[in-house]
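Written below as structure tokens is the structure these notes are about.
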Number of protein chains: 2
Amino acid sequence: MTAKLKGETREPPDITRTAVTAAAEPIQVNFNSLPAEENPPERISIRDVAKQAGVSIATVSMVVNQNPRISRGTHVRVQRVIDSMGYRPNRLAQSLSSRYTQVLAVILPPLRHAFADAYFGEILSGISDRAGKLGHKLLIEQAKPQYIKEGKHIELYERRFVDGVLCLGFNEKHGFLSDLRQYPMILVDNRFGEGVLDYVHCDYRMGAKQAMNCLLQLGHRNIGMIYAAPESPTARDVLEVYTTELRNAGIEVKESWMADGCFTDEGGAAAADLLTHRDKDLTALLCGNDKMALGAIRYLVEHGHKVPQDISVVGFDDIQHLAYANPSLTTVHLPLYELGVAACERLVSRIRGKVDRVAEVLPTHLVLRESTSIVRTR
Amino acid sequence: MTAKLKGETREPPDITRTAVTAAAEPIQVNFNSLPAEENPPERISIRDVAKQAGVSIATVSMVVNQNPRISRGTHVRVQRVIDSMGYRPNRLAQSLSSRYTQVLAVILPPLRHAFADAYFGEILSGISDRAGKLGHKLLIEQAKPQYIKEGKHIELYERRFVDGVLCLGFNEKHGFLSDLRQYPMILVDNRFGEGVLDYVHCDYRMGAKQAMNCLLQLGHRNIGMIYAAPESPTARDVLEVYTTELRNAGIEVKESWMADGCFTDEGGAAAADLLTHRDKDLTALLCGNDKMALGAIRYLVEHGHKVPQDISVVGFDDIQHLAYANPSLTTVHLPLYELGVAACERLVSRIRGKVDRVAEVLPTHLVLRESTSIVRTR
DNA sequence: GTTAACTGTTTAATCAGTTTAACAATCCAT
DNA sequence: ATGGATTGTTAAACTGATTAAACAGTTAAC
């Protein structure tokens with residue numbers, strides 16, 4: 001009979017409703033000045049503001065959205081009421097009505113330490129900073145097998161959680177990416193198919209060329225390569241440039257000079273083990289990322305090889321706080337922060353329908369430090 | 001006159017509306033089988049399902065929410081229609097109506113590398129996993145000064161972005177925390193005031209005791225301490241236990257044995273520098289976290305001190321991949337993943353109104369590795 | 001001095017759900 | 001056969017915003 005009381009509390013739902021599947025600034029605070037518990041502040045809606053200001057809710061909405069059809073006088077008058085009442089528009093209602101959530105999702109690969117990874121972290125910083133500036137919030141998801149199986153990545157759009165998705169650490173092998181083809185999304189630091197998905201990635205070919213030039217100029221001819229994820233287009237870029245540059249220098253490329261290091265520290269160490277035993281004449285190692293390079297250096301040092309005197313090592317990424325490693329690492333600097341910024345920027349442009357398919361490649365540069373030196377003479 | 005066309009596209013808003021302030025499973029994909037671009041799938045609403053199933057929208061809603069008032073037969077019949085149509089409830093409408101968003105925010109401190117931090121990463125993993133299981137999404141925010149000044153942390157609730165907030169890496173010095181007092185929130189790995197805020201933290205007193213016991217048992221008597229953030233209650237716990245344990249062992253505590261390492265690698269190195277010059281007789285260092293411990297070891301090794309032969313070092317955190325460091329680090333293991341899980345669990349319970357003020361402390365244990373040894377005899 | 005164009009505001013429909021109260025239909029006891 | 005309790009379903013109100021279309025009041029043009 002009577003309308004539901006405003007502010008009445010209800011029980012929150014215990015389960016997620018997914019319908020489709022039926023299964024399953026530092027300021028010192030004086031604690032004494034803080035009342036132990038306060039009633040939650042009562043919600044002020046657009047109707048309350050409209051009533052108080054003596055206008056319609058449409059007018060309030062237009063003031064909030066800075067619609068130019070509202071006169072200066074009305075704008076000021078209503079804005080004063082808004083400020084005095086502390087009105088904040090309910091974003092759920094805004095999004096329901098406007099069809100835009102102003103939220104983006106970042107999908108990370110299902111690695112145990114994805115959240116603590118320097119590579120992802122740097123990209124995330126860029127994404128987060130730019131998203132904030134563009135007035136967007138960030139949802140973080142991890143694409144575990146179960147997650148994909150349940151179609152949660154599609155729900156992200158279909159249930160209106162987000163306007164767009166940024167995918168980090170995936171490549172063509174990850175079939176779920178093509179499920180997102182029809183929605184706003186961007187693949188970060190890789191590419192996919194031919195004009196199938198939007199992407200932004202670092203120029204791994206340029207980076208590989210810079211690294212190889214460096215090693216060749218230092219006189220190295222027996223150069224090993226610790227790669228990873230050969231199914232990844234950008235990883236293949238590096239491998240291709242590696243072999244091409246060797247050939248161009250008149251060096252015969254040996255299959256035994258290459259090993260998979262799985263992008264990990266341990267993998268890098270294992271690969272260094274393998275490579276140094278397969279060919280004792282290797283004087284340099286090119287590594288697909290810094291983590292593998294560090295693993296390799298650790299292995300080499302522990303097994304009596306001096307770095308760089310016996311073997312030079314070059315990495316990829318230029319992860320922070322590694323300049324302190326001993327020896328410090330010569331590496332290809334990837335503009336990961338900028339990559340995140342660009343990816344976020346492009347995605348939002350796509351959401352706003354302003355641009356066509358995005359395909360951008362960001363330049364790299366070599367950072368020469370202590371893990372490389374002129375080739376040893378026998 | 002005519003109703004707006006369904007699926008008609010509108011322009012997304014260019015600005016954030018904040019009213020209050022007027023200022024400012026790997027599967028290979030065959031690309032050829034993918035149509036270049038598809039029309040976005042048309043939205044299916046609860047009304048479409050109701051019509052198709054020949055029931056009211058209330059019934060569909062109750063089926064989706066597994067309301068027991070719906071008969072078995074109706075449930076099955078409607079569920080079939082839901083599945084066949086691929087209906088997914090719009091979460092914005094659900095949340096607007098139900099008053100619960102099923103979204104939690106994680107607020108990180110404004111550090112440059114907060115997203116790539118092993119400490120935060122581990123906690124985040126726990127939070128993320130548990131949030132997923134509880135049917136909640138995660139929003140990630142960084143509390144930059146501007147962010148707090150603009151009251152964005154309060155908007156998180158007031159504009160219905162989230163149901164609750166987890167705060168990582170903050171302490172009593174961070175005044176904005178008290179703004180959140182009246183909303184569901186939990187302070188992670190610290191405490192605040194006396195029953196003012198919910199919190200879960202590791203038992204730093206226990207950890208400090210374990211570390212000191214170890215060092216004292218190894219015969220050390222001149223033990224230095226590299227602390228950080230002395231305004232933090234948990235950091236003070238460690239300092240207090242450190243001094244108490246020394247006194248209990250009949251050792252006079254010297255002010256010159258303590259230095260602030262700012263929780264960073266460089267800070268740890270600088271503190272080690274300071275401490276070893278202030279007192280050449282120090283045989284052990286207790287460090288507030290692993291990063292400082294590593295910085296200290298790096299400094300010590302580079303300056304001719306052998307670790308552990310000359311100086312033993314104990315850390316705090318037990319960050320992954322550090323077991324490989326040389327020497328590997330003896331450290332107090334903090335159950336950070338479990339901390340994240342517990343924090344998330346408790347927060348959701350609070351949101352559901354099931355429990356009172358949360359104040360939980362998780363046990364630690366010492367991991368003995370190579371950076372500690374029996375005290376050197378002169 | 002009408003008519004047309006422009007301004008600023010409001011009305012009402014819409015977004016897509018949840019929930020309360022009412023209602024119809026069946027069941028059991030009187 | 002009548003009344004009350006029980007069960008399953010629906011109508012309608014409600015969540016809090018946006019926006020197209022209508023409308024009233026001025027001003028400009030013919």
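Among the residues making up the range A:316-363, those that are part of a helix (DSSP H, G or I) and either more than 13 Å from the chain's Cα centre (by Cα) or farther than 25 Å from A:GLY268 by Cβ (or both) are A:GLU338, A:VAL341, A:ALA342, A:ALA343, A:CYS344, A:GLU345, A:ARG346, A:LEU347, A:VAL348, A:SER349, A:ARG350, A:ILE351.
The residue pairs whose first member lies in the range A:149-169 and is more than 7 Å from chain B (Cβ to nearest Cβ), whose second member is within 14 Å of DNA strand C (Cβ to nearest atom) and not polar (S, T, N, Q), and whose beta carbons are closer than 7 Å, counting only pairs six or more residues apart or on different chains, are A:ASP163/A:TYR100.
Take the conditions buried (at least 21 other Cβ atoms within 10 Å of the Cβ) and charged (D, E, K, R) and apply them to A:ASP290. Does it pass?
Yes.
For A:THR101, the conditions (1) at pLDDT 95 or above; (2) open to solvent by less than 10 Å² (accessible area, probe 1.4 Å); (3) more than 8 Å from chain B (Cβ to nearest Cβ) all hold with the exception of (3).
Only residues that are open to solvent by 40 Å² or more (accessible area, probe 1.4 Å) and away from chain B (no Cβ under 12 Å) were counted in the range A:38-85, giving 14.
The condition (being at the interface with another protein chain (Cβ under 10 Å from one of its Cβ atoms), open to solvent by 30 Å² or more (accessible area, probe 1.4 Å) and away from DNA strand D (no atom under 11 Å from the Cβ)) is satisfied by just one residue among A:ARG88, A:ARG112, A:ARG130: A:ARG112.
Specify the residue that is nearest to B:MET212 (Cα to Cα); the eligible residues are those in the range B:309-334 that are more than 14 Å from chain A (Cβ to nearest Cβ) and open to solvent by 20 Å² or more (accessible area, probe 1.4 Å). Among residues in the range B:309-334 that are more than 14 Å from chain A (Cβ to nearest Cβ) and open to solvent by 20 Å² or more (accessible area, probe 1.4 Å), the one nearest to B:MET212 (Cα to Cα) is B:HIS333. Among helices (runs of 4 or more DSSP H) entirely within the range A:143-257, having at least 3 residues that are among the β-branched types (Val, Ile, Thr) and buried (at least 20 other Cβ atoms within 10 Å of the Cβ) singles out A:233-248.
Selection of the range A:335-374 for residues being crowded, with 21+ Cβ neighbours inside 10 Å and more than 16 Å from A:TYR199 (Cα to Cα) yields A:THR364, A:SER371, A:THR372.
For the range B:234-277, a residue qualifies if it is within 15 Å of B:ILE297 (Cβ to Cβ) and of a type in the set (Asp, Glu), and the qualifying residues are B:ASP265, B:GLU266, B:ASP273.
Answer yes or no as to whether B:ILE107 is facing chain A (nearest Cβ under 7 Å) and β-branched (Val, Ile, Thr).
no
Within the range B:133-148, the set of residues being facing chain A (nearest Cβ under 7 Å) and closer than 18 Å to B:GLY169 by Cα comprises B:LEU138, B:LEU139, B:ILE140, B:GLN142, B:PRO145, B:ILE148.
Of all residues in the range B:301-310, those being out of contact with any helix residue (DSSP H, G or I) (no Cβ under 6 Å at 6 or more places or on another chain) and among the aliphatic types (A, V, I, L, M) number 1.
The values are calculated or read from the model by the stated rules, or taken from the named source; none is laboratory data. Since we're looking at a predicted model, the values are computed, not measured. Ideal geometry is used to build each Cβ from the backbone, glycine not excepted, and the neighbour counts take in all protein chains shown. These accessible areas exclude ligands, DNA and RNA; they are computed on the full protein's heavy atoms, side chains included. Shrake-Rupley method; radii C 1.70, N 1.55, O 1.52, S 1.80 Å.
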